[in-house]
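Here is the structure we will look at, set down as structure tokens.
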Amino acid sequence: MVQDIIVYPQTPSLGYNVDIRVFDKEVLELIQDLKDTIEANNLKALAAFQIGSSKSVIVVKKEDGEFLELINIRMFKREGTVITRESTAYFPGLSAEVKRYKKITISYQDIAGTQQYLEADGELAITLQRKYDYIFGGNFRLRLDEDEKKLFDAKLEFGTDVIDKNDCPTTFKRDVLLKGFNYLLIASVIGVLISFFLGDESLKVLVQIENYTMFVMLGTLLVYFFYAQYEGKQYKHCTSCQIGNIIGTCIISLAKLLGVFIFYYFLV
């Protein structure tokens, strides 16, 4: 039966790497679920952990279309290293460069419980290592070096794989704060226009509202300034241009706020 694949930000089961001791119908059903899910999603392999099972089971679809079923897998020999670009169903649409072993030797049990050994290199070795990570409750993000992890986290935050070398994205979380400031500024300008048509009592109420609004606007601008610097530093290749843009944006926004304040202070 086809099962749902757990994807980010869903958290898989807290249990993992539970060895199978009894090779019964339940094990066969789990393996069949993995096969069906692989076929339905056009995947090369799946670990049981990826469909919510804590059992130590991996199923790999080979080039000839046959399935390799590995139970209670253990890796005990590793040779050489290689950098690969990997993607995974847990982070759909995203990829990262991961350091892997060129050649591995594993032991496992087949569906009859018989002990088997396998030497793998090339693509099969990479696939087995990726699924082996899941068996122990991990994923490739845990194997990234510091720079690649920062880059991948940027991709994860903005939901795109097109970010290259940790370059600046086109949108930021801080833009929400700036948008809120601009909405309040528009409201204040509307208040300025309305003030020409109000009597003394109504004008006093409006001025009081505007004072609170401007205080909130100033607070929003301060939060934007400090948070924007923090966010900008996450993208090491464009920190200087971002800081300049942040300062410029704050100066322009502060000038607008000051203009509204001066009008109310001197004219109203």
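A few remarks follow.
- Within the stretch 41-50, the set of residues being surrounded by fewer than 21 Cβ atoms within 10 Å (Cβ to Cβ), farther than 17 Å from Leu124 by Cβ and in contact (Cβ under 8 Å) with a residue 12 or more places away in the chain comprises Asn41 only.
- Thr114 being of a type outside the set (Gly, Ala, Ser), over 13 Å from Ser95 (Cα atoms) and in contact (Cβ under 8 Å) with a residue 40 or more places away in the chain: no
- Criterion (of a type in the set (Asp, Glu) and assigned to a strand (DSSP E or B)) met by exactly one of Glu63, Glu79, Glu39: Glu79
- Qualifying positions in the stretch 80-128 - aromatic (Phe, Trp, Tyr) and either over 18 Å from Asp161 (Cα atoms) or not assigned by TED's automatic domain parsing to the domain that holds Val60 (or both): Tyr101, Tyr108, Tyr117
- Extreme residue, modelled with the lowest pLDDT, among residues of the stretch 132-183 that are aromatic (Phe, Trp, Tyr) and in a helix (DSSP H, G or I): Phe158
- In this entry, Ser188 passes the filter for residues that are polar (S, T, N, Q) and within 27 Å of Ile247 (Cα to Cα).
- Qualifying positions in the stretch 240-260 - modelled with pLDDT under 80 and not aliphatic (A, V, I, L, M): Ser240, Cys241, Gln242, Gly244, Asn245
Yes/no matrix, rows are residues, columns are (1) in contact (Cβ under 8 Å) with a residue 24 or more places away in the chain; (2) surrounded by 15 or more Cβ atoms within 10 Å (Cβ to Cβ); (3) in contact with a Pro (Cβ under 7 Å, 6 or more places away or on another chain); (4) not charged (D, E, K, R):
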| position | (1), (2), (3), (4) |
| --- | --- |
| Asp64 | no, no, no, no |
| Thr105 | yes, yes, no, yes |
| Ala120 | no, yes, no, yes |
| Leu128 | yes, yes, no, yes |
| Tyr132 | yes, yes, no, yes |
| Asn139 | yes, yes, no, yes |
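The values are calculated or read from the model by the stated rules, or taken from the named source; none is laboratory data. On a predicted model such as this, the values are computed, not experimentally measured, just so you know. Virtual Cβ from ideal backbone geometry, glycine too; neighbours counted across all protein chains shown.
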